[in-house]
Structure formats: C-alpha cells, structure tokens
Amino acid sequence: MEEPGKKKSINERELEILKFWQEHKIFERSLNKTSPKGDFIFYDGPPFATGLPHYGHILAGTIKDVIPRFKTMQGYRVPRRWGWDCHGLPVENEVEKELGFKTKKDIEEYGIGKFNARAKEIVMRYADDWRRIIPRLGRWVDMDNDYRTMDSSYTETVWWIFKTLHEKGLVYQGFKPMHLCPRCETTLSNFEVTQGYKELTDTSVYVKFPLLSRANTFLIAWTTTPWTLPGNAALAVHPDRDYAFVEITASNSREVPVGDTFVVGAKEEILKRVFGAESFSFDPESRVGTFVWKGAEVAFSVKEGIKGKELIGEAYEPIFDYYSSPSAREKLPNRERGWRMYGGTFVTEEDGTGIVHIAPAFGEDDYALSLKERLPFLQHVKTDGTFKSELAEFAGLPAKPKGNPRETDEKISSALEARGRLLRREPYTHEYPHCWRCDTPLLNFAAPSWFVKVTSLRSELTEKNSAIEWVPKEVGEYRFGNWLSEAKDWAISRSRFWGAPIPVWNCERCHHRRLVGSVDELRKGGAEHLSALILLRHGESEKNRKNVFDDSPTLYPLTRKGRREARAAGKRIRERGGVDAIYSSPVRRARETAEIVARHLDAKVIIDEDLREVDSGEWDGKREDDPRVLHDRREMNALPHEEYYRKKRGNTGESWEEVEQRMKKAFARIMEKHKGERVLFVSHEGPLVYLLKAIDHLSLADTEKFYEKDYLRGYAEPRTVFIDTRVNAEFDMHRPGIDDITLTCEVCAKATGAGRGLMRRVPEVFDCWFESGAMPFGQAHYPFETGAAGTSGTLFDPVGGFWKGTKGFPAHFIAEGLDQTRGWFYSMLVLGVGLFHKAPYRAVVVNGIILAENGAKMSKRLKNYPDPLELTGKYGADSLRYYLLSSPVVRGEDLRFSERGVDEVTKKVFNRLDNVLQFYLLYADEKHKAQSASWRTKTKQSTNPQSPDILDKWIVARLNQLISEVTEALENYELDRATRPIGEFIDDLSTWYLRRSRERIKSDMQEEREAALATLRFVLRELAKSMAPFTPFFAEYLYGEVQNAKIKNQDDNTILNNEKSVHLEDWPSAGKVDEKVLKEMEEVRKIVSLGLEARAKANIKVRQPLASLTVRDSGLKIKDYDGLIRDEVNVKEVVCDSTLQTEVELNTILTPELKDEGMFRELVRFVQDMRKKQGWKAGERATLLIGAEGPSKRFIEQHERELAQITSLKNIVVQAKTTSGEPFEADELSFQLSLTR
C-alpha cells in the first residue's frame, strides 16, 4: 500500500486505507462472506445527533467495533445497524435554546406544529458529520440502513409494545408523587432522576405547630423543603416510638420563653439535635438539662413521655391558613381530616425530630398516608414550579429557583419567623436531584402518569439478570442487581411535545378508553383519511440476472427465484390484512409479480402506465458494465444533485424529475379513489424511491441515500407506508396531527347508535427511554415485519417456536457506559422481560467515564481535553483505540485521559512494529525464494515455518501464546486483557527476536536467512490478523505490506490482489504453546540481564568483549542458548558451575586481544553511525577514507576485510593523517574518517 521511497504520515496512511475499504466494499464483503457459525446478534444503542461525537461515544463505539470484528473473523455473520435517538427532552431543549424559549407556555404560544417541525430539522443536524467521523475512527457499522426512533415504523412498534404490556396487566394510568422538572413541566422516571443528583446546600427548618389541646405546647417538625409547608395537611409520628414534652423552666431568651412546651422524640440524641446547636447538657436521671439559644442560657425539663400512638388524632393549628380558612375549607374535600396527627411507620429517628411534616402532593410517604387516612390533598404549586394564586404574598414565586434554589425557602422561613412558628433554621448540604437535561432543581410532585408495573416484574428481572454476562461482573451483580431488586413502577409518559404519542383515546361522553396498537387499527377505528400504501418492487427477473437496462413490456420474465419471492410477498401481504386494490407497472417483471401476488389476495391487477420502469434511453438493452454506459453513469453521478435530478438517462431517456412527476400523478389519482383503503403498488426500485421522495418531502441528498438503504433493494419485499390523504403525504404520527384524529366510540355506538368522533387522544408522549428500550423490536418494525433485507439486517423473531429458535433476539452482546445501567440496559430488560419473559441481551460490556487529565469532568467551555479529531489526525485512530482499549475504562473504571498516553502508544507499539516491518521489507524484497525452503510446512491458514533455530521456535511459541490469550480474553469480553498482550508481544518481537535475528536475516547462508525471513513473515502476518479487531488500520497496513512482499518473492508473475484484506481473513488459531521453550527463554533473558548488570557495575561497555560468563547451573541446557547469551553479554564463553554462590559471575579481565576486539567494535559502530547520518541506504556500497599513521594504520590493515564486510564498504583507502573527516579515538588509536561514493 505504501509507495516506495515515500513515507506517509499516520493520518495519510489511515485515510488511504479507509478509501481502500470503501472502494472495495470490504465491510460489506465481510458481512456477505461464508458464515459457518451463523449470526452473532449485536444491538447498537442509538445516540442523539444534536452534537458531535465525544470521547464517551468514541470509547463505547470502539468496544462495539472490536467484538463484531472478532466474531466475523471467527466465522459469524454480525449485522451492525446504526440508529439515531430522535425524541425527548434533549432535542426539545436544543430547540428551546435556539428559539430563546424559557417555559413550556412559550412553546404552546409558538405552536406545537412549528416547534416539532424545528425539532425534526435539528435532530439530524450533525448526522453527516457522524457519518464521516465514525468510519474515520475505524468503526464498521451500517450507517446507510440506519433506524430512527422518530420514524413512523418505529413508533408503530412502540404503540404495539404499549398495548401488549397493557393487555398483560403491566401498564396502568396512576397518580403518584414523582419528580417534576418545573422548567420542562414534565415528570421524570426514577432512573432519569438518578442521573442528575448534585450537591446542594438548602435551608432546613424546625417548625412549631401549636397543639390545640394544650396551651403553649408546640409539635416540632423538621424539613429540608420549606417550600412544601404551605401544603402541609398533617403531621406523622411513629406509633411505637417514645415522645417527650420538653418544658422550658428558665430562660434568658425571648424566643424560647418560660412555660413553652415542645413535643419531640424522647431520645437524648433528638433533644440534642433540636436544642443543642450551640451548647447542650442533659441528666437522664433527673430528666432536666440546659442549652444555649443564640447566646442565651435556657433550662428545661422533660415532663412526661408517651408513645406516638397516644398522639394520634390530636389536632394542631395550621401554620398557614391558605387552605384552612373557613372560605377555603368549604371547597376542600376531606377538610375535616386535615391538620391532625397520624401514625406512620416510615417515621425515623435518624434525623429530624421524630415528627414528620406531611404534604400529600410532594412526597411518596406523604401521598400514601393521605390515601390511607383520606387527608385533604393540597397542591399549592403549579407544574411550572410556581406557587398558585391563593398563596397571597407567595403567589407566582418559583418553589425552587434554578439560579438560587434557597431563595423561596428563605422567604417561607422568614414568614414563619414573623408568625412565631419558626424554632430555628440552618443550612443543610445534601445530594439533590436536578433535571438531567436542563439542570433545573426537581420538585417532588404528585401527578398523573402512565406506568409500567415494574414492581410485579422484580423477581423475574432479577432472575434474568443473573444469567447475563456482565463485564465487569460487579456492575451487573451489585449496581444493576440492587437497582432491580428495589425497582419502582416506571413512569413512561411525558407532558411534552416532541415524542412518540401515547396511543390512548378517551371517549368524551362515556369515558371509555381505547388503546391503539397499530396505524391500521387507527385507520379502522375512525381515522378515515388514512390509507395504507404497500410498495413492492418486482421479484428477481432475467433482466436483473443479466444486469441490463430494460423498460420494455414484454422482455425478461421473472426467474424461478423471482416467482418464489412474489408468492412469499403475497402470503405476507395477506397475513397483514390484504389489500383493496392492486396497481402494477406494465413492464413484464412487475406485471408477473403483481399477478402472482393477486392470486393470494383475491384482487384484480390494474395496469397503470405511470408506474412503469424509468426510460434509460440509449442505455436500454445494454449491460450495466458496458464501457459506454459506465462512462456516462460516472459523468452523471459526478453532477450536483439538482443537475443529476434533471439529467436525462442515456441522453434520450427520462430524468428522475420526470419519473417523480408521473409517479406523483399516479399516486394522487389512485389514492383519491381509494381513501381509507389498502392499496398495493408493484413497480421498480428507482420509480418507487422517487415516489417516496414526493410523499415524504425528501431532499435530493436524502433521496440519493435511499439507494444505499436496504429499504427497496431487496426483491419483492413489501413495505407499508400510511398516507394522510388530506395532504397526500406520509402520515406523520407526531403532535399536533395525531391530536386532531378522533375515533369512534364503540360503546356509545352500541348504546346510542352514535359514537363517531367522540374519542380524543390523551395529550402525553412517551418517555424517550421507553422508545430506546424498544430498540430491538422497533428497528425491525416488529411485529409488522419479520426482518430487514440486505447486509444490515437479519430475520427478526423474538418468539420462535417448537421447530425453530428465535431470530435476531436476544443480542449476544451489547455495550454502553456505566450511566446506562439505569438507562438503556434497564429499559431494554424491562420491555424484553415484560413482553417475552426473556432478557434481550446475553452479555454486556460496561465502560467507565473518561475524565480530563486532572480528574475533572471534560468540559467544552474549559477546553480541558484535546479535540478527538485533531488527536486522531496527529497520532492516528489506532493509537487512540489501543490507548482506550488497554485501559481499565473498558471494565467500568474511570480514566483520566492523557494525550501523552496516546503518544506513548504510537511510539512503543506502532512505530516499533513499523520498524520491524520495514526491516523485513528491506530484505524480503531481495530475490530470495523463501517459499521453497525445505524446513517449512503448509498449515490451514498460512505458511507455518518449522525452523530449527531456537529464536524462531521461541517467537512462534510467543505468537501462539498471544493468540491464545487474546482469543480467551475476547471470548470473555475482557478487552483490556485482550489488548495489552499485543503491546507486550511487539516489544518482545522488536527488542529480543529481531535484534537477535538481524545477523541471520543479513546472512550469506541462504537456509539460515530464509528460515529467519519466513518465520518473521509468518509472525507478522498472523500478528496482523490478531490486531485486526483492535487496530484495524495498522493491521490492514501490516497485512498488505507483508502480502505484497510475499508476492514479490514468487518466481511466477503473480499480481498482488489489491482487494485482499486482513478483515476478510479467518481468526488465527493458536498452535500448541511450547511452554518449555518459553520458560527456557525467560531464564536466558534473566541471565543476560544479570550479566549486563554485572558489566554496568564494572563500568565496562557492552561493545567490549570479555572472556567468560559463569552461570550457576539451573537445569537450563546452556548449549541450546549458548550463542544467544554470548552475543548479548558479549563474552567468548558461557560456563556452568553448580557451586557458584551467585547466579552469574563475569570475568572482567581484559587481555590485549579482547581490548583489540573491543576497539574494532567501537570503530564499526562509529562507521555505521556515519552511514546513518549521511543517509546511506542499507547495503549501499561506500568508500571509506581513513587518515591514520603508526599503530592506528596497522590496526586498520589487520581488520580491513572484516570492517568492509560489516559496514558495506566497497573500498577502504588509508592515507597519512589529515585534518579532514570525522575524528575517532579509542585508547591509543586515532583516525580521521570520511565516506564517499
């Protein structure tokens, strides 16, 4: 792949490989290759496209890329379909920012239709950037056949799920305290709430409630939410706990006067909590004590103790009279039961006073007690978070202002103080929930909602979860498992605008409720302006087999396969409700398809000329690969969208604009005739695509993308589009259009004979988490379709049967971040178990959070992290991938991102391996017929050398060990354990194997040289396969370069197959790991290390030969490794001595001969460095000019031949010492050296 003599940057190389993949459709071919192991199912969680990918997306996406690549190489087919999350508060908040809206009312005044239109526009704003960035990061995923949660097909599946769960008793409408975002004016689900907790310092108050049965006696309750106090309806005590009457017997404080009595929990710790903010003492025996109150000393006595149950029924004076005044009480249900003491076992003594303030509209326990005791329901806060008008001086105040959450609490506290009802206030710091999208403090707020009854599924959810393979295990067992065991019913409706509408219609007269599970059911229920248009491309024909252009009415019948496809289509259409009319193109292949389908539907075929195939002019009758046609089509495809749209095909044929106009004309004419009916169009791919353009109002760019989709690429695959005949466009299921649809009430119709138009839809939309949890079913449009055709999809059947298993369900593997334990992982599991009693996934990899290098959260505003695209351009996508994959972040731990870490990966992994590759290529390019050496054998996957050299045996053993480790780790989804050994192996390959094998590779002995080259080639090739899932770009580069060199070494004229890719290879199988060789080599390297340490201690350079190294006998066969140890430690002899006290002993005596050899080695190194500095190529012959005299000259004469051979010199010229050249000195030697050609 790399041009000779030109070194590309990492970025250039990766872009070139990306282009190679795209041009040769390597991803598509990897999906279509033989898959003996069947399908491996993977679900891809949909991201929002309202922003660009960040490191969290890149991390999860890389994990999602590795496993499918690995499984593909193992022989599975792994469909990978991209999806987009389109609905919900994240999108609405973006639109609100753009429009400058502050409240929900702003949206309603602007218009729901216009608001949702803007939402639809922006939701895919960055989609093209994602389509560019994701492939650049090395990820393979089908982004052409993407699914979108806003599509009608997806929403229809969501409706079906909702209705099915309702039929199973798992969906109900209820009124419960939940968390409300006052800015968004909608409630949130419990797991959405968990995503937004932040530390907040609130105002907490101890409030005095006057007891009516005793003068000057006050019940003391503590709350951290003073804003709820105007809604107080009761107080609660624990029936079985002790309470005390604390009387003030002496006081220097005006605020705590003598004679006042306070009722609190009897425990001393409660007394201290309430009264001991400054100083507190208490004698349990005498039951008297003192405390300091704002600097003044106060004495008290605990007069009596009673059980909480004795307080039940006692009345107290309300602290605010907004609802207790005579005029207000007349209108208030259950008013006579308000402002009394009630028992509640939820009352604790760990904090507070032992008496709890009850506001039924603002707490789970409060609301439950109000239902049990029939308390008055006081909801003094509106859904926008402001106080209602009846609160007089507080009317209109926000309960929990975003900018200053304590502001209203302080005003309430001050009002209580002015009324003499505040004992004291103090700051209270705690974790408080905020809206996960707009960061507004949430309010606990009782409101109506639709719920999934998760509480009835708890045990089954826990059981299914226990069988899921979680990585890390602890996340599934504890974080997720504990969450499931305490899971509450899931609020799935939102009082918002941009979302899938809740499909519930209520009768205005009799209040009968109807749940709708499909658009067809809606159509039959009274939405008469809805028609079902079924689009069917013809079955396979002889025309398609021959790849010719044709629009004639008589040529090219269906093939046998095409007729089978048509019959299958007819059966499927019949099962889905049949049709009222069939219209067909007059072209034979379409006409024959329509006639076969009609036999199954008992309908007549009507030929319509406007549905014909596109006229391709001069191309008609020619093959698609005809040179002239190819030339014309290339020119046409290069045109801008508008010109392409208007250009006539084959010069004299139709333009796509003309095709669209006639298809639109036929559509309008036919649908006008068949309002409210089901109509089938049998036509051709191009005309149907441009019909969709017309009815979906697609741009030309989006229309062209339809050709990349599998939507109409498959033959005889029926696709249903519901048409709103009022506007002759595809039915938009969003608000406000869906709100305008009224249905017939069957109950009223039976009772009175008139029920038409009485049922109206409830206003809510679905929680977007419900939609994302529906992803396995929604992406397949289940149960309305059984699967997606083409490369991206697979048959989908989550039920299976007696003779067949499930298809496309459950997923074998999914992956997302830790936050999804209470998001996507949870919503999918609830829906999977609720619908089919099955977990929708078998294995989950959970990644942690990527933080800035200093441990802070990554922030665009602070710019405390490197831009991921700039980083990729600098170091390459593979370096980023390897850095992330080898870190603990792939097993749920946090990672402090460091650019230095990515840089280190580049240098220590990829640069190091590239150096090995370049060395191999340097010598592999020479004409050595390494393929025919006698010491190799053929294996199933590639040439596995059987070299007798111990280094070759060792590196093959290490390779087998690597493949074994990586395979095992990947099978267990432990990506860090799978990734790190690759870097360790590359280190061994470079710093030990290649360094010790260089001389063999350069050797004049052919068999020795070929053994080393063949081994290195085999190792690099298998290493490329092993690296392919992790670092796809470098693996492709390595594989391509080795493959190229291999072919160059052949005797025949084999031409490199440029379409060959490492990603189309099978996963390497690990041979038997030679543990003996590995253990022995480990011992050898230890001896070498100890020998070099001894050299360093003696201050003797490694280039200086020594006489011997003595090694304590450890059972190692020294003779097998003698040469390695001698060369590495640079000694003449290795001696074994079992009596040696130390592990090694180095003979450091230098003889004249050893010194002479040491000086020669210094000279060789010096000359080699000169060659490198001056840019001499390896093997390029040079002339060395040496200025030397006396002993120096004699030294050169003695070593001239050896020096020339080692340093690639064609000639050595010795002359009298001169001042030119580079000086070299070693002991008594002195030279002037220069190189020349």
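Please treat every number below as a calculation from the coordinates, not as lab data. Here the structure is a predicted model, which means the values were calculated and not measured. When we count neighbours, we look across all protein chains shown, and the Cβ atoms used for this are built from the backbone with ideal geometry, even at glycine.
For this structure, a couple of remarks:
- Helix-only [θ]222 nm of the chain, DSSP H runs n ≥ 4, -39500 (n - 2.57) each, per residue, nearest 500: -11500 deg cm²/dmol
- Cross-link partners of Lys1117 among aspartates and glutamates, defined as those whose alpha carbon lies under 12 angstrom from its own and excluding same-chain residues fewer than eight positions apart: Glu1080, Glu1083.
- Placing unit charges on the Cβ atoms only, positive for Lys and Arg and negative for Asp and Glu, gives segment 530-725 a dipole magnitude near 880 debye about its Cα centre.
- Once Rg and the Kirkwood radius are both taken over the C-alpha atoms of segment 530-725, their ratio Rg/Rh works out to 0.96.
- Taking GluC sites (Glu not before Pro) across segment 619-709, the ones in a DSSP loop with at most 14 further Cβ atoms lying within 10 angstrom of their Cβ are Glu624, Glu708.
- Among the listed pairs Lys705/Lys1025; Lys400/Lys453; Lys1177/Lys1210; Lys37/Lys804; Lys105/Lys382, those beyond 21 Å (Cα-Cα): Lys705/Lys1025; Lys400/Lys453
- Segment 456-537 - Kirkwood radius from inverse mean 1/r over Cα pairs (Å): 17.3
- Sequence-distant aspartates and glutamates (8 or more away, or on other chains) whose Cα lies within less than 17 Å of Lys1132: Asp1120, Asp1122, Glu1145, Glu1153, Asp1156, Glu1157
- When the Cα positions of Val1102, Leu1140, Leu1124 are compared along the charge dipole of segment 1080-1150, Val1102 comes out farthest toward the positive end, with charges on each C-beta of Lys, Arg, Asp and Glu.
- Taking only the Cα atoms of segment 1174-1214, the radius of gyration and Dmax are 10.9, 33 Å.
- Considering only Pro427, Thr455, Leu416, the residue lying farthest towards the positive end of the dipole of segment 383-529 is Leu416, judged by Cα position with unit charges set on Cβ.
- Environment charge of His238, counting only residues whose C-beta is closer than 11 Å and scoring Lys/Arg +1, Asp/Glu -1: 0
- Spacing of the two label points (7 Å from each Cα toward its C-beta) at Ile122 and Glu310, in nm: 6.3
- Cα gyration tensor shape for segment 436-480, rounded if a/c is under 1.5, else prolate or oblate: oblate
- Note on the chain: Cα-Cα pairs beyond 62 Å make up 32% of the total pair count.
- Total formal charge among the other residues, if their Cβ is under 14 angstrom from that of Lys571, Lys/Arg +1 and Asp/Glu -1: +2
- Among Val587, Val597, Leu536 - extreme Cα towards positive end, dipole of segment 530-725, charges at beta-carbon: Val597
- Under 27 Å from Lys267, Cα to Cα: lysines that are on another chain or at least 8 residues apart: Lys208, Lys294, Lys303, Lys307, Lys309
- Convex hull volume per residue for segment 324-475, taking Cα atoms only, in Å³: 207
- The Cα-based radius of gyration and maximum Cα-Cα distance (Dmax) for segment 1072-1182 are 16.9, 52 Å.
- Selection of trypsin sites (Lys or Arg not before Pro), segment 536-641, meeting DSSP coil and at most 16 other Cβ within 10 Å: Lys604
- Working from the Cα coordinates of segment 728-857, the gyration tensor eigenvalues give, after taking √(5λ), semi-axes of 37, 24, 15 Å in decreasing order.
- Diffusion coefficient (Stokes-Einstein, Kirkwood radius over C-alpha pairs, 25 °C, 0.890 mPa s) for segment 1-86: 160 µm²/s, rounded to a whole number.
- Taking 37 °C and 0.692 mPa s as conditions, segment 1154-1236 diffuses translationally at an estimated 259 µm²/s according to Stokes-Einstein applied to its Kirkwood radius (Cα pairs).
- Total charge dipole magnitude, the chain, about the Cα centre, Cβ charges on Lys, Arg, Asp, Glu only, Debye to nearest 20: 2480
- In a reduced charge model with +1 at each Lys and Arg Cβ and -1 at each Asp and Glu Cβ, segment 1080-1150 shows a dipole moment near 360 debye about its Cα centre.
- Under the combined filter of DSSP loop state and at most 11 neighbouring Cβ atoms within 10 Å, segment 737-841 retains these trypsin sites (Lys or Arg not before Pro): Lys804.
- Cross-link pairs Lys908/Lys1173; Lys97/Lys120; Lys874/Lys907 - those with Cα-Cα distance over 20 Å: Lys908/Lys1173
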